[in-house]
Every structure is written in structure tokens, then in C-alpha cells.
Amino acid sequence: MSPSIKHNTSNPEELRAEYWYERGMEAEVAGDNELALRHYGHATRLIYRFDPARQRCLALATQYKAAAAQAHEAGDVTATRDWLVRAVELDTEDGEGRQRLQALIRAEGARDLTAQCMTFYNPGRARAVYSEAILRVLEYVMLSGVVGEILEFGVLGGWTSRLFSETMRDLGMLSDIHLFDSFDGLPEYTSSVDRDSFEIAGRNIWRKRMRFSDDFVAELGESIDQHIYRRLSTVIRPERIHMHRGFYAQTLQSPPAIKAAVVHIDCDLYQSTKEVLDSLFKNDILQDGCVLMFDDWNCNKANPYYGERRAFREFLENQDIFESSEFFSYGMNCAAFFLHDRRTAQEAFSAIETSLP
Ligand SMILES: C[S@@+](CC[C@H](N)C(=O)[O-])C[C@H]1O[C@@H](n2cnc3c(N)ncnc32)[C@H](O)[C@@H]1O
């Protein structure tokens, strides 16, 4: 008898892509396309491009394109655009649909903070470095069957959020994206680790606290989080975008009941990173094989007693479920790590032992 290992689910059926495809078909027959897409998305993340589910996604894309054509005939530009977003995310090879969508967005000429890199000296180079890193990580989770959502801590104007959303769309990866930020800048520095750090006590690089001024927000005409939500909704359908506005000390008290595939941690401080890791662990959001991307890994002259390096080391020391190994480092400041659930390996070994004659 082959050993049976739980792999993060109490129902082994849930590890079969067919199971999710069948749930998707049921939802579609019941008229609930959103639920159907969630199930098809689960199937295509368990098995990349799992054909039965992919065919249903393509069929829905055709329906949505027809809806876009109707809206266009009726002269409703917004509805045309919204249907095209839905069609294009389900059919990654629809070049014509994508071009029409881009043309509509360009013609709209709306201001878009998510297209602006605000944290790197050379936006072109930043785009090249980050796009490649994000693509590499999302390709890994897509092809490895790590089914989960994308979580970002540290959103600012939504530049990296857009890169994640675009890459998910281009890969046909139907995960949700959860964006956590105060949208009001950095919190008070409550930890002496931060207060004594080179970046704060030394050269004080965040003296403006990453906060958009009231005048800037007034001129934008909407809150920063509303703006990001609206702009990203032209990349992937809005049901997949979740804004979590507030300081982590509050928003992470009751985080959503999800599993993470990728956690992008770009919140500068030791204290913020610690709050993030502790809450994700306590609320069972981390899972075997998920990737943690640290944007500020080399802050404080890469000194391991400060910032993200210290928060991650303490996290690994203070619990005995997850260990990590390095995936890759990118740019001048960032590093990505895999998390490994020790219980999966322990269960595998004891199952092998019990199955030995
Ligand atoms: C470097 S910026 C993020 C840059 C962003 N990823 C981009 O693409 O431009 C850091 C962000 O972390 C947020 N932040 C840091 N600590 C936080 C906390 N404890 N709670 C909420 N937001 C926090 C700040 O508000 C700020 O917007």
C-alpha cells in the first residue's frame, strides 16, 4: 500500500484537479460564474493549464468577449472595458482582445499611480529587475502546484501590485491578490530595533514616512486605496483584488482565511515585518512551498541584527513548523525564500516506515 500523506488538506479528493473542475461545472450549471472560475482556477493551479478547466475558461472568455462587443455597440465604454478585462484574463493568447483593451485604457487617459515606480532611482531598470523576479516566483508556484493567493505588505502607490497583477494575468494564474497597507505611511517606530537602526537613527531615510500628502490625495480625487483598486481592475477582474487598509497591528488581528502562495514583504521596518510573519503563522496562512519575497533584505547595510533579516531569523527560531531555504536574490536589495513545512516530511517518513514489510 502506498503511504498516504495529508499535504495540507483533510480531504485527499481536493488534491485532484478533476475534483475542482467538477465543482466548477456544478457552479456554472447553477449560474454562478464567479464561483466556477474560483474552482477552475484551483484546478489550473494544481495542474498547470489543466485542460478540462482551461477549456471552460476559454468558453467563458468567448462569452465575455461577446458581452464586450454588445456593450461597444451600445456605446458603453466602461462596460466594454470591464468585459474585456474578464475575457483577456481567461484567454492569455487573445492578442486582439488585449490590444483593444489597451487602446481603450490609453484613450481614457486616466491618471495611474500604479504605473509609477516611486522607490527606485531608475524606473526602467526597476521594471526589468522586478518583472523578472516576480515572473520567476509566479512561474514556480504555478508549475509546482502551490495553490494559494498573493499577499503584499507595503503597497504605497501600487507599483509592485500592478507587476504582480499583470504577471498573473499573463500566466493565466487565477489567484487573488491581497494588498495590505495603512495607505497613510509608516507607523510610529515602536521597536528599539528600528529606532536604533542605521536607516532611522543613522541617515533617517524615511523621514517623510512614505505618506502621500493631503493635497496630493485631494488632487487625485479619491483615496489611494480606491485609486489602486480601480486601476488594477483594468488588469484583472475586481473580485480578485482585496484591499486591507490600516496598520498591520489592526488589520492582521483578523486576516482573511486564505493560504499564501507568495508573500511580498516591502514594509521597510523590523517591527512591521515581525507583525506580518507572526500573524501569517498564527492564522495558518503559510504553507509548504510558498515563497516569501523580502524587498528590504539588504537595508541597514545588510546587517542581520536589523530589519527584515532579523525579523525572519527570529520567526524561524521561534516556531518549529517551518524552515526555509533560499530561492534567489534579485536587484541590489531583495531576496526570495521557500518555506518548508517539516510536518509534511515527517509524515512522509513515518508513512514510509509503516508501509515497510
Ligand atoms: C516601500 S513602500 C512599498 C512600495 C511598494 N511595494 C511599491 O511598489 O512602490 C512601504 C509601505 O509599507 C507601508 N507600511 C509599513 N509598515 C506598515 C504597517 N505596520 N502597517 C501598514 N502599512 C505599513 C507604508 O505605508 C508604505 O506604503
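Restricting to lysine pairs 8 or more places apart or on different chains, what number in the chain have Cα atoms under 22 Å apart?
7
Mind checking the per residue accessible area of the range 12-108 for me, 1.4 Å probe, whole number of Å²?
53 Å²
Compute the signed sum of charges (Lys and Arg +1, Asp and Glu -1) over the other residues within less than 9 Å, Cβ to Cβ, of Pro238.
Result for the local shell: +1.
If each residue of separation counts as 0.36 nm, what is the full-extension length gain between Glu22 and Glu73 once their alpha-carbon separation is subtracted?
Gain in length upon complete extension: 14.8 nm.
Ranked highest first by average number of other Cβ atoms within 10 Å, how do 311-318, 166-173 line up?
166-173, 311-318
State the extension gain, in nm to one decimal, for the chain segment bounded by Ala115 and Phe216, taking 0.36 nm per residue of separation less the distance between their alpha-carbons.
Fully extending the segment from Ala115 to Phe216 adds 34.7 nm.
I want to make sure I understand the PRE zone here: with the label point 7 angstrom from the Cα of Leu15 toward its beta carbon, which residues in the range 37-65 have backbone N atoms less than 14 Å away?
46-47
Round to a whole number: what % of the accessible area of the range 113-347 belongs to carbon and sulfur, probe 1.4 Å?
After summing per-atom areas, the C and S share lands at 48 percent.
For Arg195 and Glu108, compute 0.36 nm times the residue count separating them, minus their Cα-Cα distance, and round to one decimal in nm.
Stretched out fully, the Arg195 to Glu108 stretch lengthens by 26.8 nm.
Identify the residues of the range 285-300 with backbone N under 19 Å of a label point that sits 7 angstrom from the Cα of Leu316 along the Cα-to-Cβ direction, or state none.
Counting only backbone N, you get 286-300.
For the range 12-108, which whole percent of the accessible surface, found with a 1.4 angstrom probe, sits on carbon and sulfur atoms?
Here it works out to 53 percent.
What FRET efficiency comes out for the pair Tyr305/Ser144, r = Cβ-Cβ distance, R0 = 45 Å, nearest 0.05?
Efficiency, rounded to the nearest 0.05: 0.85.
The values are calculated or read from the model by the stated rules, or taken from the named source; none is laboratory data. It should be emphasised that the depicted structure is a prediction, and the values quoted were computed from it without experimental measurement. Neighbour counts run over all protein chains shown; Cβ positions are idealised from the backbone, glycine included. Ligands, DNA and RNA are excluded from the accessible area calculation, which covers all protein heavy atoms including side chains. Shrake-Rupley method; radii C 1.70, N 1.55, O 1.52, S 1.80 Å.
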